[in-house]
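What follows is a single structure, written as C-alpha cells, with notes after it.
The values are calculated or read from the model by the stated rules, or taken from the named source; none is laboratory data. Note that the structure is predicted; figures quoted are calculated from it, not measured. Cβ atoms come from the backbone with ideal geometry, glycine included; neighbour counts cover every protein chain shown.
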C-alpha cells in the first residue's frame, strides 16, 4: 500500500462519485435551511404562546417537548405507517374526504421524499428550540417589560423591541445545533429511505453516503473506504469551520445588542 495524498479527494470530484456527493451536499443544505427557518420560527411562536399563559404552563411544556424524548427509530417507523399510501390513516382520511392532493406516496416520490423527512424531523425536534426560547424568555428581567408597558408599549412592541433582542444567546444555541444536526443527518433517512437513500437516492445525505461507501449495501458489495474517509474528513472540516464561524458572528451580535 502506498500513500496517495489527496488522491481520494480528487477521485471524489470525478465520475461516478461527484454526482452522488453533490446531491448529498445539496440535500444537507436543504435540510439545514428548511429546518432552521421553519423550526426556529415555530419554536419561537410556541415558546411565546406558553410564556403568555397564566395556567397550565408545565402541561403544555411537556406536550411540546414530548416528541423530543421519543426514540428516533420509533418515530421513523410510526411515520412510515402513518404515511403508508395503502393502509395509512392519512390515505384513509384523504379517500373519505375526497382530497386527492393529500393521498400521495409522500415517501415514494423523489420530489416529496426529502421534504417529508424534513417535516418528520421538524415534528420530532421543534420542542427543543421551543424550550430553549422559553428558558430565554423566563430569564428576562420583568422590570424591563413592566417599564415598557408603563411607557405605553403594546405586546407586539414589547416582543420586538425587548424580548426578541434579549434572546440572542438562545438563537445562537439553536442556530449552531441545527447546523451541526442538519449536516450530520443520518438516522431518519437511514431508517425510512434505507442506506441507498430511496426513492432514487433523493434522500441521500453526506453521512448516509459515507456509511454506504464505507460498509456497502445489502444488494451491492461496492465498498470504497478511501472515498468514504475523504467524505468524513470533508464533513468534519465543514461542520467544524461552520460551527466556529457561526458561533463567532452570533456571539458578536449578542455583544452588539
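The table below gives the values:
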| read-out | value |
| --- | --- |
| Failed item, numbered, when residue 197 is tested on (1) under 24 Å from the mean Cα position of the chain (by Cα); (2) assigned to a helix (DSSP H, G or I); (3) buried (at least 19 other Cβ atoms within 10 Å of the Cβ) | (2) |
| Qualifying positions in region 182-194 - in contact (Cβ under 8 Å) with a residue 60 or more places away in the chain and surrounded by fewer than 19 Cβ atoms within 10 Å (Cβ to Cβ) | 187, 191 |
| Those residues of region 98-123 which are closer than 28 Å to residue 64 by Cα and in contact (Cβ under 8 Å) with a residue 60 or more places away in the chain, in sequence order | 107, 113, 114, 115, 117, 118, 120, 121, 122 |
| Positions within region 79-88 being without any contact (Cβ under 8 Å) to a residue 12 or more places away in the chain and either exposed (fewer than 13 other Cβ atoms within 10 Å of the Cβ) or under 19 Å from the mean Cα position of the chain (by Cα) (or both), in sequence order | 81, 86, 87 |
| Single residue of 231, 227, 176 found to be more than 26 Å from residue 10 (Cβ to Cβ), part of a helix (DSSP H, G or I) and either in contact with a helix residue (DSSP H, G or I) (Cβ under 6 Å, 6 or more places away or on another chain) or in contact (Cβ under 8 Å) with a residue 12 or more places away in the chain (or both) | 176 |
| Filter result for residue 216 (more than 21 Å from the chain's Cα centre (by Cα), closer than 26 Å to residue 110 by Cα and either surrounded by 14 or more Cβ atoms within 10 Å (Cβ to Cβ) or modelled with pLDDT of 95 or more (or both)) | yes |
| Residues of region 36-78 classified as buried (at least 17 other Cβ atoms within 10 Å of the Cβ), over 16 Å from the mean Cα position of the chain (by Cα) and within 16 Å of residue 119 (Cα to Cα), total | 1 |
